[in-house]
1. For ASN136, only one of the following conditions fails: (1) crowded, with 17+ Cβ neighbours inside 10 Å; (2) at pLDDT 95 or above. What is its number?
2. Would you mind stating whether SER22 is open to solvent by less than 40 Å² (accessible area, probe 1.4 Å), of a type outside the set (Val, Ile, Thr) and out of contact with any Ser or Thr (no Cβ under 8 Å at 6 or more places or on another chain)?
3. I need the full set of residues from segment 10-47 which are closer than 24 Å to LYS88 by Cα, aliphatic (A, V, I, L, M) and in contact (Cβ under 8 Å) with a residue 24 or more places away in the chain, in order please.
4. Considering only segment 69-94, how many residues are open to solvent by 80 Å² or more (accessible area, probe 1.4 Å) and not hydrophobic (A, V, I, L, M, F, W, C)?
5. Could you figure out which of (1) out of contact with any His (no Cβ under 7 Å at 6 or more places or on another chain); (2) open to solvent by 40 Å² or more (accessible area, probe 1.4 Å); (3) at pLDDT 95 or above isn't true of ALA103?
6. State yes or no: is ASN5 out of contact with any strand residue (DSSP E or B) (no Cβ under 7 Å at 6 or more places or on another chain) and on the phi > 0 side of the Ramachandran plot?
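The values are calculated or read from the model by the stated rules, or taken from the named source; none is laboratory data. If you're wondering where the values come from, they're calculated on a predicted model, not measured in any experiment. Here the Cβ positions follow ideal geometry from the backbone for every residue, glycine too, while neighbour counts run over all protein chains shown. Remember, those area values only see protein heavy atoms, side chains included, never the ligands or the DNA or RNA. Shrake-Rupley method; radii C 1.70, N 1.55, O 1.52, S 1.80 Å.
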Amino acid sequence: MTIANTINYPEQAADILGALESVEGIIGARGIEISLHHLILLRASQINGCAYCVKMHTRDARKDGETDKRLDHLIVWKCVNDFTAREKAAFAWTEALTELHKAPDLASLRSELKEHFSDNEIASLTSIVAMINLWNRIQISNH
């Protein structure tokens, strides 16, 4: 179904989307475990209200072995024990970089991250969050 006045990004910006996909390949090769990668993509997409991306990342996570229980609980990750401290640190970082209007204490969040991730991994996590926010905004622009 085509919505009036939408932009066909694959047609109009194939070069840009191709470059973004290349960046995704680089990020994916940096070593963040695939299960966490999926959950970060899904959490940012939930926050951004991108239904297309939520559906896609939920499907992809299930395909790679993620459980329905953890997927169902992701939105309330702070209140459940289904996630490791490492995952929770990554989710807090994801939320801080996605919900910019909340002005979180990034120094404190970085300290928490450094307990569970190397600087290289933190750079990868930051790139994952930045890219999904970019993809969400491209998709949302046609809502």
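1. Only one criterion is unmet by ASN136, namely (2).
2. Working: open to solvent by less than 40 Å² (accessible area, probe 1.4 Å): no; of a type outside the set (Val, Ile, Thr): yes; out of contact with any Ser or Thr (no Cβ under 8 Å at 6 or more places or on another chain): yes.
The answer is no for SER22.
3. ILE27, ILE32, ILE34, LEU36, LEU39, ILE40, LEU41, LEU42, ALA44, ILE47
4. At the first step, the residues of segment 69-94 found to be open to solvent by 80 Å² or more (accessible area, probe 1.4 Å) are 69, 72, 75, 78-79, 81.
If we keep only those that are not hydrophobic (A, V, I, L, M, F, W, C) as well, we get 69, 72, 78, 81.
The qualifying residues number 4.
5. Every condition holds for ALA103 apart from (3).
6. Numbers: out of contact with any strand residue (DSSP E or B) (no Cβ under 7 Å at 6 or more places or on another chain): yes; on the phi > 0 side of the Ramachandran plot: yes.
Yes, satisfied.
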